[in-house]
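Scroll down for the structure; my scribbles are underneath it.
Values quoted throughout were computed directly from the atomic coordinates according to the rules given, and no laboratory measurement underlies them. Here the structure is a predicted model, which is why all the values come from computation and not from measurement. Every residue, glycine as well, gets a Cβ built from its backbone with ideal geometry; the counts of neighbours run over all protein chains shown.
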Amino acid sequence: MIKEIIKGCQKRRRKSQKKLYRMFYAYGMSITLRYADSRGQAAEILNDSFMKVFNNISSYDTKRPFKPWLRRIIVNTSINHYHKHKKDRQLVELDLVKHKMSQRPEILSGISYDEVVDMVQQLSPAYRTVFNLHVIEGFKHKEIADMLDITVGTSKSNLSKAKKNLQSIVEKNFSQ
């Protein structure tokens, strides 16, 4: 079925494009939400990603799995969005909580996916992007540095600060 839909997309059939979009919308949103400041921005990034998919679907090798190809486009579009808007952003300093969070598994296991996404979205764009690329996507710091046009040291520093800020966010959310 997916191969038929992709063939339809390669022929620029709107019906096939709509089916592909609906089929992978939730999957794509789960990726873009980790990079975006808000759901609206995530939807914008996802729509831009699908435009790239539809414009470049003729280069897709149908002998290979579709999901990794789509994921790469979505991640790259998220990175491009970060670059496009990083000049407009100001770093937001989070209030640091004085108490260290205890590593109680019952707290961490009680956090839903949406709560985790909301907490990650509270990170500054630079920290959030490095965190996602390293922790979620599995990229090495050298690869991240090349993608974001930063130094390896900056990538490592941003990851460290992202983890500290996330810890503060978790403490703030669960100490009340």
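Key figures for this structure:
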{"item": "Additional length obtainable on full extension of the chain from W69 to K172, 0.36 nm per residue less Cα span", "result": "33.3 nm"}
{"item": "Neighbour net charge for I31 - beta-carbon separation under 12 angstrom, K R +1, D E -1", "result": "+3"}
{"item": "Label-to-label distance, nm, for residues given as S38 and V116 (7 Å Cα→Cβ offset)", "result": "2.5"}
{"item": "Calculated FRET value between K3 and E137, using beta carbons and R₀ = 35 Å, to 0.05", "result": "0.85"}
{"item": "Relative compactness, the stretch 126-169, computed as alpha-carbon Rg over 2.2 N^0.38 Å", "result": "1.03"}
{"item": "Inter-probe distance in nm under a simple model that places probes 7 Å from Cα toward Cβ, at K84 and S58", "result": "2.3"}
